[in-house]
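What follows is a single structure, written as structure tokens, with notes after it.
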Amino acid sequence: MAHKVTDECIKCGACAEACPTGCIKEGEAKYEVDASQCVDCAACEGACPTGAIKAE
Ligand code: SF4
Ligand code: SF4
């Protein structure tokens, strides 16, 4: 299990700042979660203004 960024991402960067493990990085079209480092804390989900991050 890991959190995942969907196409609703507007690349604001709030999730990357909120993530305690630093596993969210800016990708080509949207931000991306490195699933191997995600601890499913959901901090990114709460920080995202568009609701683009979901638990897989
Ligand atoms: S659930 Fe937590 S660890 Fe996983 S990407 Fe979001 S903020 Fe980072
Ligand atoms: S907080 Fe949401 S909209 Fe902003 S970069 Fe992260 S996933 Fe995209």
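Absence of a disulfide-compatible partner, taken as no other cysteine beta carbon within less than 4.7 angstrom, is noted in the chain for C9, C12, C19, C23, C38, C41, C48.
For A42, put the label point 7 Å out on the Cα→Cβ axis and report which residues of the range 1-32 keep their amide N under 14 Å from it. Output list for this probe position: 2-4. Taking 0.36 nm per residue of separation and subtracting the Cα-Cα distance, full extension of the segment from E26 to E8 would add 5.1 nm. The listed residues K30, K54, K11, K25 rank as K25, K54, K11, K30 when sorted by accessible area, largest first, using a 1.4 Å probe. Computed over the alpha-carbon pairs of the chain, the distance histogram in 10 Å steps reads 29, 64, 7 percent, short to long. Charge tally around Q37: other residues with Cβ under 15 Å, Lys/Arg +1 each, Asp/Glu -1 each, net -2.
Exposure check, 1.4 Å probe, all protein chains in place: V5 carries approximately 10 Å² of accessible surface.
For the chain, what does the relative contact order come out to in percent, with C-alpha contacts under 8 Å and a separation of six or more? Here the relative contact order equals 50 percent.
Annotation: per residue accessible area for the chain equals 60 Å², rounded to a whole number [probe 1.4 Å, protein chains only].
Positive contributions from Lys and Arg (+1) and negative ones from Asp and Glu (-1), summed over other residues with Cβ under 12 Å from the Cβ of T6, come out at -2. Coupling constants for the range 9-20 follow from the phi torsions by the Karplus curve (6.51 cos²θ - 1.76 cosθ + 1.60, θ = phi - 60°), and in residue order they are 5, 10, 6, 7, x, 4, 5, 4, 6, 7, 5, x Hz; glycine and proline get x.
The values are calculated or read from the model by the stated rules, or taken from the named source; none is laboratory data. On a predicted model such as this, the values are computed, not experimentally measured, just so you know. Backbone-built Cβ (ideal geometry, glycine too); neighbour counts: all protein chains shown. Surface accessibility is based on the protein's heavy atoms, side chains included, excluding ligands, DNA and RNA. Shrake-Rupley method; radii C 1.70, N 1.55, O 1.52, S 1.80 Å.
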